[in-house]
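The values are calculated or read from the model by the stated rules, or taken from the named source; none is laboratory data. It should be emphasised that the depicted structure is a prediction, and the values quoted were computed from it without experimental measurement. Surface areas here come from the heavy atoms of the whole protein model, side chains and all, with no ligands, DNA or RNA. Shrake-Rupley method; radii C 1.70, N 1.55, O 1.52, S 1.80 Å.
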Amino acid sequence: NAIYDDSNNDDISPSILYSVAAALEGCSFVNGGSQNTLSPAMTCLFDQSYRKPDAPASSVLSKFAPYSASRAYCLGTDYKAGQTKFKTAAVEYLRALGLSPRVIASSNHLGNNDMLNLTTKKTLDAKMRVKSNIFGPWQEESLDHKVSVMYCPYIGDEKRDFVEYTSLGFLGSPHTMVTYTRCMDSILCVPLMVDAAIWCDYFVNRNVSAGDAARATAYLFKVPEGEAKGVDPGFFHQMQELEDVLKKTSGEEKNDDMIALGVSQGIITEEQAAALKGLVSK
């Protein structure tokens, strides 16, 4: 119940303890929530060169021996599932039309446990940091991005979100686009959890560097941190990061057929590839 007690001043959160334990076990940690778990120190702990098996007795790590020296990744922060993922794609779409986005005002409300946790200032501040900072790497002072969240128990897990995009067009003429979405919040997030687990396993088995793994999975998170910090927040740019890392990993950087590459690397089956090709050709 400490999470609901604003008088609790403990600096070590459960997620930090879990992340440290994962590093010492040689297991990747994915910060799918909005808590401030990732830090330069945490990233360092996941670095293989830091977790050397022959660390001197004076090392802090010696207190936790035996620990794993296996490759593991520290990824996050906060899954980018519904409203936020669409925002990053919508802004790219508006720019492709020749418009200049100026105001993005959004609100969402639901009644699940995730939103209940945001009823305290301690957890709300962390959540608002990641939701409001999704366009941070662009460093655009002219883009006014506002977010509000509301806890409504009756709504349950069926998230509702409303976003208004105001942009400037030819001769400074305003252009407004509004989106409204309803979807089960957990249904949006579970596929991202599966993606994260599969990618971590895939990259570890192919000895992919922590930096490449972080950049390749940046599309999964609202605010990519650690070695993915600064990756372009645009959804299509982030998918290109994934494709670039896959090409580099496979040694087939000139291969532009990502479906064939997926089959060759065992990510999808021949049947799935045929179905994907059918969808692309339509």
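Taken as Cα centroids, segment 111-165 and segment 17-59 sit 28 Å apart, rounded to the nearest whole angstrom.
Rounded if a/c is under 1.5, else prolate if a/b is larger than b/c, else oblate: which is the chain, with a ≥ b ≥ c the root eigenvalues of its Cα gyration tensor? Walk me through the numbers on the way to the answer.
Numbers: a/c = 1.83, a/b = 1.18, b/c = 1.56.
Oblate shape, in that a/c is at least 1.5 and b/c is the bigger or equal ratio.
Database remark: amide H of Ser68 closer than 5 angstrom to the amide H of Glu25, Gly26 (H placed geometrically; neighbours at sequence offset of 5 or more, or on other chains; Pro and chain starts carry no H). Sorting Lys247, Lys146, Lys229 on solvent-accessible area from highest to lowest, probe radius 1.4 Å, gives Lys229, Lys146, Lys247.
Residues in segment 136-146 carry Karplus couplings, in order, of x, x, 6, 6, 9, 5, 7, 8, 9, 10, 10 Hz; the curve used is 6.51 cos²θ - 1.76 cosθ + 1.60 with θ = phi - 60°, and Gly or Pro positions show x.
What fraction of the DSSP beta bridges in the chain is antiparallel, stated in percent and rounded to the nearest 5? Walk me through the intermediate numbers first.
Details: 21 of 32 bridges.
Roughly 65 percent of the DSSP beta bridges within the chain come out antiparallel.
Would you mind checking Lys85/Lys277; Lys121/Lys229; Lys122/Lys146; Lys80/Lys229 for any pair whose Cα atoms are more than 22 angstrom apart? In this structure, Lys85/Lys277; Lys121/Lys229 lie more than 22 Å apart at Cα. Amide hydrogen proximity for Met184: with H placed 1.01 Å from N in the peptide plane, the residues at 5 or more positions away or on another chain lying under 5 Å are Lys159. Amide H to amide H, which residues 5 or more places from Asn31 or on other chains are under 5 Å from it, using H placed in the peptide plane? For Asn31, whose amide H was placed from the backbone, the distant partners under 5 Å are Leu75, Gly76.
Atom-type composition of the exposed protein surface of the chain places 57 percent of the accessible area on carbon and sulfur (1.4 angstrom probe). Per residue, the chain exposes an accessible area of 54 Å² to a 1.4 Å probe, with every protein chain left in place.
Specify whether the C-alpha gyration tensor of segment 149-207 places it in the rounded, prolate or oblate class, a ≥ b ≥ c being the square roots of the eigenvalues: rounded for a/c under 1.5, otherwise prolate if a/b is larger than b/c and oblate if not. Note, shape of segment 149-207 comes out oblate.
Coupling constants for segment 20-27 follow from the phi torsions by the Karplus curve (6.51 cos²θ - 1.76 cosθ + 1.60, θ = phi - 60°), and in residue order they are 4, 4, 4, 4, 5, 8, x, 10 Hz; glycine and proline get x. What the phi angles of segment 162-168 give under the Karplus curve with 6.51, -1.76 and 1.60, with θ = phi - 60°, is a coupling list of 10, 9, 10, 10, 10, 10, 10 Hz, glycine and proline written as x. Is the C-alpha gyration tensor of segment 136-237 telling us rounded, prolate or oblate? Criteria: a/c under 1.5 is rounded; beyond that, a/b larger than b/c is prolate, otherwise oblate. Oblate shape, in that a/c is at least 1.5 and b/c is the bigger or equal ratio.
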